[in-house]
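Quick notes on the structure that follows.
Just so it is clear, none of the values below were taken in a lab; they were calculated from the coordinates. All values derive from a computational prediction rather than experimental measurement. Backbone-built Cβ (ideal geometry, glycine too); neighbour counts: all protein chains shown.
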Amino acid sequence: MKIGYLGVGIIAGCMIEGFCGLGEQHHFYLSPRNVQKTTELAAEYSNITVCESNQHVVDASDVVVISMMASNIVDVLKGLKFRPDQQIINVVATTPPEDVREAVGTVGSFSQIIPLPSIKHRTGPIAAYPESDFLNKLLSPLGTVVFANTLDDIRTMQAITGLIATFYDVMHNLAIFCESEGLAHDRATSFMSAFFASLAENIKDADFDELAAEMTPGGLNEMAVTALQERGATKAWADVLVPVIERIKKA
Ligand SMILES: NC(=O)c1ccc[n+]([C@@H]2O[C@H](COP(=O)([O-])OP(=O)(O)OC[C@H]3O[C@@H](n4cnc5c(N)ncnc54)[C@H](OP(=O)(O)O)[C@@H]3O)[C@@H](O)[C@H]2O)c1
């Protein structure tokens, strides 16, 4: 498939590396800005062409991924001529998808996705809307595709992705605790990464409430969760997402 990228920054680079790790199934056409990134990608993979202009990207591609960070994105897109046979995939999270959809005009299909940088290693969730065989086939090799029923569902999943830094900060504090108890940093990180990965594995298709209640009465887990609940610390993770989703809805 011929896949064009309008905007080649962090997330486009991660997607392209994820795809290229699968071999040369696709050819990529990159917009010319961010010379450093496009030069690096073109030097590493032979199935990449750096285009002369954004219109060149659109003209060369069957699928166009919109991945630019531009305050004037609507004007930039309105200045391009898309074809009615093209599939457009928008990853831009900083402009309402409805505005981006309108700016590209008549196209074959328009999808909204939220990839994460982990797509580079072909792991992690990819929120996508609307559900289609095309998106499923294209993106499933890159991670777990979770289809949204509505654009608002996409916004809800996007809010959850706002907790990445919080999660790592919790890990950081736990590592400090381990080290203060004399456990070496590398042992602490090995143990915690295996421990939390196993908890994450456990929650697939699970009832979270039931899992949370599965603890020995009077045991260590009850002691820790009760102390955290008394401080409002577990519910706070959800509470902070109220203003986060408000901001997403106003974007
Ligand atoms: N990073 C993530 O994890 C992530 C995840 C999901 C969604 N997103 C969304 O994806 C979008 C891009 O994010 P990013 O993190 O990849 O940003 P980024 O690293 O800043 O990359 C954006 C790229 O867009 C280029 N650009 C700006 N105006 C352009 C134009 N008119 N034509 C072509 N390219 C243009 C920029 O070029 P210059 O360098 O020359 O300015 C830059 O290289 C954002 O809307 C973001 O919310 C990001």
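Quick notes on this one:
- Selected from Gly162, Gly108, Gly232 as most flexible by GNM, with the chain as the system and alpha-carbon contacts under 10 Å: Gly232
- Size of electric dipole in the chain: Cβ of Lys, Arg +1 and of Asp, Glu -1, about Cα centre, debye, nearest 20: 800 debye
- Burial ranking of peptide ranges 137-146, 214-223 (average Cβ count within 10 Å, highest at the top): 137-146, 214-223
- Rg followed by Dmax, in Å, when the stretch 2-149 is reduced to its Cα trace: 14.0, 40
- Rh (Kirkwood; distinct C-alpha pairs) - the chain, Å: 20.5 Å
- Label-to-label distance for Phe134 and Thr94 is 2.7 nm, based on points extended 7 Å past Cα in the beta-carbon direction.
- Remark: relative contact order (the stretch 13-52) = 42 percent; criterion is Cα-Cα distance under 8 angstrom and separation of 6 or more residues.
- A simple packing score, the average count of other Cβ atoms within 10 Å per residue, orders the peptides 5-14, 116-125 as 5-14, 116-125, with the highest score first.
- Here the Gaussian network model covers the chain, with springs between Cα atoms less than 10 Å apart; of Asn54, Asn202, Asn34, Asn202 fluctuates the most.
- Calculated translational diffusion coefficient of the stretch 162-250 (25 °C, 0.890 mPa s; Stokes-Einstein with Kirkwood radius over alpha-carbon pairs) equals 160 µm²/s.
- Expected 222 nm ellipticity per residue - DSSP helices of 4 or more, -39500 (n - 2.57), all of the chain, to 500: -15000 deg cm²/dmol
- Highest-first packing order for the peptide set 71-80, 242-251 is 71-80, 242-251, based on the mean count of other beta carbon atoms within 10 Å.
- Close amide H pairs (under 5 Å, H built 1.01 Å from N) link Gly4 with Tyr29, Asp62, Val63, Val64, Val65, residues at least 5 positions away or on another chain.
- Part-to-part distance (alpha-carbon centres) for the stretch 62-124 and the stretch 18-60, which is given in Å: 16 Å
- Size of electric dipole in the stretch 116-251: Cβ of Lys, Arg +1 and of Asp, Glu -1, about Cα centre, debye, nearest 20: 660 debye
- GNM flexibility winner over the chain from Ala184, Ala70, Ala159 (Cα, springs under 10 Å): Ala184
- Within the chain, the whole DSSP H helices whose Cα atoms reach 18 Å or more along their own axis and whose mean Kyte-Doolittle score is at least 0.5 are 164-180.
- With the charge dipole of the stretch 162-250 set up from +1 on Lys and Arg Cβ and -1 on Asp and Glu Cβ about the Cα centre, the Cα lying farthest toward the positive end among the listed residues Gln229, Leu163, Ala184 is that of Leu163.
- Theoretical gain in end-to-end length, Lys235 to Lys81 [0.36 nm per residue, Cα-Cα removed]: 50.7 nm
- A simple spin-label model places the labels of Lys204 and Val225 2.2 nm from each other, with each point 7 Å out along Cα-to-Cβ.
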